[in-house]
Amino acid sequence: MTVSRRTFVQAMGLALLTPFTVRSLASSSSETYARFNLSGSPSGYDIDQDGLIFDLSVASGDPSQTGVVLWTHINPAAFVPGQTLYLDVALDESFTQPVMSAEIHAEDISADRDYTVNIDLEGYLSPNQRYYYRFKYGTLCSRTGRCHTLPTGGLESIKMAVVTCQDYTTGYYNAYNHLADEDVHCVLHLGDFIYEYAQYEGFEDAIVHPLSLPSGAKVAMDLEDYRHIYREYRKDKNLQRAMERHSFIITWDDHETADNAYWDYDRDTLGVPSHPYQTGDNNPEQLRQLRRDAQQAWIEYVPARVKVDEAASHAFDYLQIYRSFQFGDLVDLYMTDSRTYRTKEPCKDGTAWQNYWCTDYEKKSQTMLGKTQRDWLIDGIVNSNARWKVWGNQTLLAQLAGTALGQPLVFANYDAWDGYQWEREKILSSVKDSNVDNFVVLTGDLHTSIASYLKVNFNKVSNWNYDNLVGIELMTPSISSPNMNDTVERGRDVGAVFTSLLNGGVQVNNPHIKDFVSDIYGYAVIEFNHSELNWTVYNIDKKSDNPSTKKKTYKKFNYEPEGMWLTEK
Ligand SMILES: [Fe+2]
């Protein structure tokens with residue numbers, strides 16, 4: 001369906017009478033989204049190719065059936081108080097088929113939001129339609145961005161890219177240059193869009209983009225540090241090109257705040273085990289502020305339709321980013337947030353010997369999502385009518401353990417779902433008990449490519465037991481963050497269990513894992529149709545500044561849900 005010229009003219013006429021305020025779905029008091037009026041837009045602007053005004057270019061996120069969030073940033077050096085920012089949206093790249101033009105309220109562009117502009121067009125676009133957009137400010141026009149609203153009704157197939165973990169200090173975004181050219185509907189980002197580090201830990205002699213934080217610290221300490229990191233990442237031309245050409249659906253993991261972040265429920269504050277605020281004064285108020293700063297910077301620099309309550313003091317009330325997306329009758333996507341509400345990683349506080357005997361990972365009190373989000377996720381998946389139920393998850397869901405006779409002896413990573421086993425089983429058994437088929441979990445975080453079966457009980461080793469199989473998990477490699485191979489080669493400690501598993505023991509100890517490799521970088525493309533899905537993992541070098549470096553196919557996998565059959569193609 002397309003927006004006709006007549007619809008456009010009618011909308012313009014209406015706008016002259018009724019300036020409207022764009023609202024978030026949360027109907028909150030948030031100032032997250034800039035207000036605008038539909039209006040005419042001046043012509044004759046030169047394109048700001050050098051980023052004099054639009055220094056971080058444009059981006060779009062969270063496409064819905066009738067909208068999308070559009071994003072840009074005004075270079076503070078070019079900011080003029082009271083000056084109008086204009087927006088054009090059209091059906092074609094040369095803007096000869098206009099859909100809407102708008103005038104953004106000048107007072108909504110300010111240092112308070114670090115000169116970022118998020119505009120929510122919910123309700124003003126048509127389903128399954130490609131749109132082009134551009135901003136105008138002063139004498140210049142931004143580069144043109146491209147977005148695509150979600151389809152409704154019957155859909156034969158859909159293709160998406162999946163990305164995660166893009167440390168900028170240790171790598172080049174060659175993968176993003178290739179991703180920009182992919183023929184995909186949108187890009188799913190599973191977290192670690194930024195890292196809090198000025199230099200990635202353990203790779204200090206391999207830094208290609210050193211960051212100098214305003215605070216002078218080694219990790220982000222406040223809002224200005226987080227903003228600086230987002231700006232530096234978003235200056236990258238390859239990332240800009242990918243975000244200009246595709247709408248992103250983004251969730252966060254720990255590094256948008258700090259390594260292994262969780263919520264310390266006892267003190268009702270952020271937990272960040274290796275951050276100087278916790279290893280130093282450990283002042284709960286300071287940690288609460290760090291959580292808020294990380295949240296605010298994320299809202300400013302990530303185009304997303306999320307619930308924000310500016311008046312709220314508690315982190316849980318201030319921002320809710322878990323949300324769902326419908327791709328016609330084919331895919332329901334649930335993007336979760338496993339860092340805001342999660343309890344502390346278990347079995348870390350004792351000696352190695354004490355930790356070996358610790359079984360806190362089984363406790364019901366261990367939660368990754370918090371009850372409200374967990375219920376939302378389970379309800380969504382078991383009641384979905386879509387062919388595919390897809391969960392955009394962060395850390396590895398499948399068990400990764402050293403085992404004997406199928407029984408786990410030691411787990412490799414309690415920061416992942418192995419540290420939250422009651423909740424994992426609750427989710428997977430709910431999916432199984434409701435006879436949900438076509439269940440797929442997409443995961444990031446581990447800087448590793450994994451294809452795995454999911455089971456209610458991972459200790460039952462057979463991959464043919466249909467009473468136990470739930471679906472599959474697919475993990476995309478990192479865009480640029482150091483993979484395990486690089487980490488181990490540098491003598492960095494990844495833990496004794498990981499080290500032994502990496503030495504060829506992953507599949508032997510964990511027969512549900514079909515494929516595991518941690519010496520590549522890149523992204524994955526997933527294509528769904530009504531009878532199968534195809535998952536292609538691309539291997540793209542990040543170590544040299546060469547955007548056109550070869551895009552190699554690492555592997556292709558096919559999943560046929562009737563027989564629950566995951567195979568390499
Ligand atoms: Fe990461």
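See the values below:
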read-out: Matching residues in the range 133-143 - criterion: being of a type outside the set (Gly, Ala, Ser) and surrounded by fewer than 19 Cβ atoms within 10 Å (Cβ to Cβ); value: Thr139, Leu140, Arg143
read-out: Strands (runs of 3 or more DSSP E) enclosed by the range 52-170 - at least 3 residues per element that are in contact with a Gly (Cβ under 6 Å, 6 or more places away or on another chain); value: none
read-out: Every residue from the range 190-216 that is in a loop (DSSP other than H, G, I, E, B), modelled with pLDDT of 95 or more and among the hydroxyl-bearing types (Ser, Thr, Tyr); value: Tyr195, Ser212, Ser215
read-out: Any chance Val497 is β-branched (Val, Ile, Thr), surrounded by 14 or more Cβ atoms within 10 Å (Cβ to Cβ), in the same structural domain as Leu400 (by TED's automatic domain parsing) and more than 26 Å from the chain's Cα centre (by Cα); value: yes
read-out: Residue among Gly402, Gly419 that is among the small types (Gly, Ala, Ser) and modelled with pLDDT of 95 or more; value: Gly419
read-out: Filter result (of a type in the set (Asp, Glu) and buried (at least 18 other Cβ atoms within 10 Å of the Cβ)) within the range 473-494; value: Glu473, Asp486
read-out: Criterion: under 26 Å from Asp112 (Cβ atoms), more than 16 Å from the ligand (Cβ to nearest atom), of a type in the set (Ser, Thr, Tyr) and not assigned by TED's automatic domain parsing to the domain that holds Val58 - qualifying residue of Thr279, Thr269, Thr251, Thr257; value: Thr269
read-out: Matching residues, the range 149-178, being in contact with a His (Cβ under 6 Å, 6 or more places away or on another chain) and under 13 Å from Glu244 (Cβ atoms); value: none
read-out: Search result, residues across the range 179-218 that are β-branched (Val, Ile, Thr) and closer than 28 Å to Arg245 by Cβ; value: Val184, Val187, Ile194, Val208
read-out: Residue in the range 481-496 that is assigned to a strand (DSSP E or B) and within 16 Å of the ligand (Cβ to nearest atom) present; value: no
read-out: Ser126 vs. criteria crowded, with 19+ Cβ neighbours inside 10 Å, modelled with pLDDT of 95 or more and in the same structural domain as Asp62 (by TED's automatic domain parsing); value: no
read-out: Unique match (being among the hydroxyl-bearing types (Ser, Thr, Tyr) and closer than 20 Å to Asn539 by Cβ) among Thr487, Thr499; value: Thr487
read-out: Residue in the range 368-376 that is β-branched (Val, Ile, Thr), surrounded by 22 or more Cβ atoms within 10 Å (Cβ to Cβ) and either part of a helix (DSSP H, G or I) or assigned by TED's automatic domain parsing to the domain that holds Phe327 (or both) present; value: no
read-out: Some residue of the range 304-314 being in a helix (DSSP H, G or I) and modelled with pLDDT of 95 or more; value: no
read-out: Of the criteria (1) under 30 Å from His209 (Cα atoms); (2) in contact with a Leu (Cβ under 8 Å, 6 or more places away or on another chain), which one Val89 fails; value: (1)
read-out: Among (1) outside any helix (DSSP H, G or I); (2) more than 30 Å from Gln49 (Cβ to Cβ) - the single one Phe248 does not satisfy; value: (2)
read-out: Residues that are open to solvent by 10 Å² or more (accessible area, probe 1.4 Å), closer than 25 Å to Leu121 by Cα and within 16 Å of the ligand (Cβ to nearest atom), drawn from the range 144-188; value: none
read-out: Some residue of the range 513-522 being open to solvent by less than 30 Å² (accessible area, probe 1.4 Å) and more than 23 Å from Lys543 (Cα to Cα); value: yes
read-out: Looking only at the range 38-47, and only at residues there that are touching a Lys or Arg at 6+ places or on another chain (Cβ under 7 Å) and assigned to a loop (DSSP other than H, G, I, E, B), the one that is nearest to Gly328 (Cα to Cα); value: Ser41
read-out: Per-region count, the range 75-113, residues within 23 Å of Cys147 (Cα to Cα), exposed (fewer than 12 other Cβ atoms within 10 Å of the Cβ) and of a type in the set (A, V, I, L, M, F, W, C); value: 0
read-out: Residue under evaluation Phe193, criteria (1) aromatic (Phe, Trp, Tyr); (2) within 13 Å of the ligand (Cβ to nearest atom); (3) more than 18 Å from the chain's Cα centre (by Cα), criterion not met; value: (3)
read-out: Count of the range 270-285 residues which are open to solvent by 70 Å² or more (accessible area, probe 1.4 Å), part of a helix (DSSP H, G or I) and free of Cβ contacts under 8 Å to residues at least 12 places away in the same chain; value: 1
read-out: Subset tally (residues that are open to solvent by less than 10 Å² (accessible area, probe 1.4 Å), within 20 Å of Gly370 (Cα to Cα) and more than 16 Å from the ligand (Cβ to nearest atom)) for the range 425-472; value: 4
read-out: Residue in the range 202-219 that is β-branched (Val, Ile, Thr) and within 16 Å of the ligand (Cβ to nearest atom) present; value: yes
read-out: Residue among Arg267, Arg288 that is farther than 24 Å from Ser110 by Cβ, part of a helix (DSSP H, G or I) and without any contact (Cβ under 8 Å) to a residue 60 or more places away in the chain; value: Arg288
read-out: Enumeration of residues in the range 554-569 that are open to solvent by 20 Å² or more (accessible area, probe 1.4 Å) and of a type in the set (Ser, Thr, Tyr); value: Tyr554, Thr567
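The values are calculated or read from the model by the stated rules, or taken from the named source; none is laboratory data. As the structure is a computational prediction, the values presented were derived from the model and not from experiment. Glycine also receives a Cβ, built like all others from the backbone with ideal geometry; neighbour counts cover every protein chain displayed. Just the protein is used for accessible areas: all its heavy atoms, side chains included, with ligands, DNA and RNA removed. Shrake-Rupley method; radii C 1.70, N 1.55, O 1.52, S 1.80 Å.
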